[in-house]
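Visitor: Pasting a structure here, questions to come.
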Amino acid sequence: MNKILAACGVMFAALTCRADVQVSASLSNFHFTLVDLNPGDGIAPYITLAGGQLVGKLWATTPTGMTDQLTASTQAPLASFSRNLISEGQTGEFRIDTSSLASLSFESHVSSSLGASGGAYSPNETGANALAYSIFTLSPNTKLEITADAKLQANSGVAGVQTFHNTVLATAYINVSTLINFPVADVLQKSIDEEGGSFSFSEARTLSVTFVNGWSREETIYTTMFANAEQQAAPVPEPGTTSMLFCGACLMGLLVIRQRQ
């Protein structure tokens, strides 16, 4: 009996492991560059914030099926704010700084420490999104260039012998449009979707979008800027290991029946 229990303990251990995942995305160091396309008109280039909304969202789904969500938003005048969410070993956080256009920044970070056992495909999912919808008024005959430093990072470590299915996604994005023009966008995105092993990445690039107001009147422009981080980790039991566990359980059942007889 003791030998069978010991063998089953080993098989259960084979189905147990841990995945630690961290994913982050950020946009910072914004620059709004204005170029006067008609210096002779006597109008100095300008851009003013006319309105907008900041939106932050956090969510966490656990293997037990529990889901926590947190959404926060604020209208113009925009105020800096941050939120965080903690749920069963998972954390999500976003930070938005809008003290001025020069200090504008967006950060999203999620992390998860998943310890699971058993044969079910039970995902842990955590996500964070920091987003700003802004409305600007741009001076006549003006070219606007918006640049920002985007950075994406992820690390995943797996301890144990069972395979884990890891999915991470990090995105930094800038978009400029008007009511009648097609949007101009630049994006830095990285995703990994694989089974097993540890991985990491770090990517950085300056995002840049340019919009030209060639009219002799002001133009209303709409911008979308966000940093998004998501991760999902789930155990994927090996077929052979699952079969061994099933056989072990059957043997234990037969032994118990025999002892009762």
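Visitor: Using a basic spin-label model with each label point 7 Å from the Cα along Cα→Cβ, how many nm lie between GLU203 and ALA79?
Guide: For the pair GLU203/ALA79, the computed spacing is 3.7 nm.
Visitor: A further question on this structure: Considering all alpha-carbon pairs of segment 19-237, what whole percent are spaced by more than 25 angstrom? The partial results should precede the final answer.
Guide: Values: 10916 of 23871 pairs.
In whole percent, the long-distance tail amounts to 46.
Visitor: Ok, one more. Over segment 19-237, what is the relative contact order in whole percent, taking alpha-carbon pairs under 8 Å and six or more residues apart?
Guide: Averaging sequence separation for qualifying contacts and normalising by length gives 30 percent for segment 19-237.
Visitor: Say R0 is 35 Å: what FRET efficiency, to the nearest 0.05, do THR210 and ASP68 get from their beta-carbon distance?
Guide: With a Förster radius of 35 Å, E is 0.30.
Values in this text are rule-based calculations from the coordinates and carry no lab data. Quick caveat: nothing in here was measured; it's all calculated off a predicted structure. All Cβ positions, glycine included, derive from the backbone under ideal geometry; neighbour counts span all protein chains shown.
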